[in-house]
Amino acid sequence: MIQTVLSRTGWFVLLFFLQILVFNHIHLFGYATPMPYVYFILLLPSSTPRWASISLGFALGLLVDIFTNTPGMAAAALCLTGLVSQPLLNLFAPRDREDDAILPSVATMKWTGFMKYAVCLTVLHCTTFFVIESFTIRNWQDLLPYIAGSAALTLLFIAAFEMLRSRRS
């Protein structure tokens, strides 16, 4: 139990510092900015209460907002991501599992299931973030490169983190 709490706290701190110190300074082609801090919400098991995933998403998003001068955008996007993460995890989880709780990872869900889950949450997060940033969907064609580029780059980093995590265990 204590190891799980320490591991989750480590991921929280690592993803926060990586986002504010490294990833916020990456802007590929002026559009794509990776936001792999959403990986923290992806790692929460299905047994996590919904209020806890929303609260943790808000806390991480608020810290990112404070240090990156994005007033409430990351917090709102991560709250929504935390809200829908449990139903999506249950949707993509393997049906032949022994217990009710599932820990999202490549080991438990295989690459296809995990990446479907990651794609859904990442696209939702990036869409919410950039719609809040632009404060309109009137020019949705202008938003598509930002959403697609950032989601693709974020998914690349999520896959890399998951490869490192699966090799370690």
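The values are calculated or read from the model by the stated rules, or taken from the named source; none is laboratory data. None of the values given here were measured: they were computed from a predicted structure. Please note: Cβ atoms are built from the backbone with ideal geometry, for glycine as well, and neighbour counts cover all protein chains shown.
Applying the selection to the range 14-23, what residues are surrounded by fewer than 17 Cβ atoms within 10 Å (Cβ to Cβ) and assigned to a helix (DSSP H, G or I)? Those that are surrounded by fewer than 17 Cβ atoms within 10 Å (Cβ to Cβ) and assigned to a helix (DSSP H, G or I): LEU14, PHE17, ILE20, LEU21. Reported count of residues in the range 1-59, each being touching a residue at least 60 places away in the same chain (Cβ under 8 Å) and on the phi < 0 side of the Ramachandran plot, is 15. Yes or no: the range 23-35 includes at least one residue that is modelled with pLDDT under 90, among the hydrophobic types (A, V, I, L, M, F, W, C) and over 14 Å from THR154 (Cβ atoms). Looking through the range 23-35, at least one residue is modelled with pLDDT under 90, among the hydrophobic types (A, V, I, L, M, F, W, C) and over 14 Å from THR154 (Cβ atoms). For the range 113-163, a residue qualifies if it is at pLDDT below 90 and surrounded by fewer than 17 Cβ atoms within 10 Å (Cβ to Cβ), and the qualifying residues are GLU133, SER134, PHE135, THR136, ILE137, ARG138, ASN139, TRP140, GLN141, ASP142.
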